Amino acid sequence: MATDRLMVPGILTDEQIQQVETAGYNVEAVSDLSQVAVERAQEISRVNRFAEARGLSAFEERAVMGYMTAEEIESALINLQILHPDLVTLIELPNHTWENRISHAVRVRAGENENRIGVLFTGSMHAREWGGSDICMSFLVNFINAYRANKGVTFGGKSFTAAQICTILENIDLFVFPDVNPDGKNYSQTNDPISNEQGFWWRKNRNPNTSVDPSNPGVDLNRNFDFLWDSGIGTSSAPSSPIYKGVSPFSEPETRNVRHLFDTYQNIGYFVDIHSYSELILYSWGDDENQTTDPEQNFMNSVYDGKRGTLDDTLYKEFISPQDQDKLVSLANSMNESLATVRGNHYKVQQAVGLYPTSATSDDYAFSRHIVNNLNNKVYGYTIEFGNMFVQSFSEMRNIIKDVCAAMGELCWAISNDVEMQKKTVEKGAMIGAR
Ligand SMILES: [Zn+2]
């Protein structure tokens, strides 16, 4: 008898493992998370290494000492702008988090070109996926320092020349929002891994859910974007769920901050949301399998409500133009080749629907914007799932930072080196400037 095999990663207590096994599923324990949590807790920075601007000049030496905290990331972004005011624009995001944190993104732009395409990277949307922020910060500092020194940058076996760095920073707008969910990161990093292991492995934000269920705080930010939010595909309406989607699309300040970047900087044309884990580069769509032949079968068509989100059926598949699919796959393959050059590690490029369908995620929201409203620029969206566990040992994280930075650099290079890649579907800036 042929059996379909689905693998679903999860974090389970001993009791939950028993329940799942009793229900007839196989459980393969990858690691004893209690022990992992205790070890990882030792690898969080204890002091703010970047409280002063000069700390950034020694970024590499300081960064090797452990995972960055939410406070450090904020300091580093602010100081990056102080050190490089001609290159870095500090963007204060309008929505304070539930714990009243102020978040920042940066835009990096060299040279005089005013009409350029934007590339946005976001990190650590999920609380326990700490390393996304460290990747983003390392990428920023390495590329800015290299540009400043007119030098290349090397990640293991992968190098970008000084000329390539120049081309990148002088032809694109580089947007980086390294820590989308600082409340969550802080909660995860400050919980005792023994007495509150569930807190240590926190995924969601820290919405107190006062009106719906105060005993179960938190919304899954990557289920809170406005893409098929109502569909319930791969989401939950129960606040106790790790994939709780919130009370409405964009109910959360953190997701509104991401939307703010797309709304305010209409030149953004490429987007990568950095998560862990699984060693994947995912492209749209995530709600159902792609098809390239029937434009009527699309997420906006209510005729198909209730038919989406099931794999291996003929009821529905999500439309994507062959050109867009080819472009998404081709860029993902380029990123993957570059990543593999660092130390021979290959990720898998696949459609986001992967093993299970999802909705209300950041990458699909990004790519859906131009379809919902043709005044929005088209944004090609990706999710990178780095590593083999939510929080790697920091020594392995240092290798992963190189892997993923090589992929990010390659995406920027591919775009900045090709005028076709720099074309926008709307020219909002030009429209405003023209009569
Ligand atoms: Zn994630």
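With S359, S330, S338, S416 as the choices, which residue is under 30 Å from D313 (Cα atoms) and in contact (Cβ under 8 Å) with a residue 60 or more places away in the chain?
None of the other options fit; the residue is S359.
Scan segment 261-304 for residues that are surrounded by fewer than 17 Cβ atoms within 10 Å (Cβ to Cβ) and more than 13 Å from E318 (Cβ to Cβ) and report the count.
Qualifying residue count, segment 261-304: 4.
Looking at S321, S284, can you tell me which residue is small (G, A, S), more than 16 Å from the ligand (Cβ to nearest atom) and more than 26 Å from G387 (Cβ to Cβ)?
On inspection, the qualifying residue turns out to be S321.
Filter segment 185-242 for residues that are among the acidic types (D, E) and closer than 25 Å to N373 by Cα; which is nearest to the ligand (Cβ to nearest atom)?
D226
State whether one or more residues within segment 139-157 are surrounded by fewer than 24 Cβ atoms within 10 Å (Cβ to Cβ), of a type in the set (S, T, Y), free of Cβ contacts under 8 Å to residues at least 40 places away in the same chain and within 19 Å of R259 (Cα to Cα).
Scanning segment 139-157 turns up no residue that is surrounded by fewer than 24 Cβ atoms within 10 Å (Cβ to Cβ), of a type in the set (S, T, Y), free of Cβ contacts under 8 Å to residues at least 40 places away in the same chain and within 19 Å of R259 (Cα to Cα).
Would a scan of segment 105-119 turn up a residue that is under 27 Å from V426 (Cα atoms), under 19 Å from the mean Cα position of the chain (by Cα) and within 16 Å of the ligand (Cβ to nearest atom)?
Looking for residues that are under 27 Å from V426 (Cα atoms), under 19 Å from the mean Cα position of the chain (by Cα) and within 16 Å of the ligand (Cβ to nearest atom), one finds none in segment 105-119, hence no.
Can you tell me which residue is farthest from the ligand (Cβ to nearest atom) among those in segment 359-404 that are within 30 Å of E39 (Cβ to Cβ) and assigned to a loop (DSSP other than H, G, I, E, B)?
Checking each candidate, the answer is S393.
Since every read-out is calculated from the coordinates, none of them should be taken as a lab result. Computed from a predicted model, the values in this text were never measured in an experiment. Note that each Cβ is placed from the backbone with ideal geometry, even for glycine, and that neighbours are counted across all protein chains shown.
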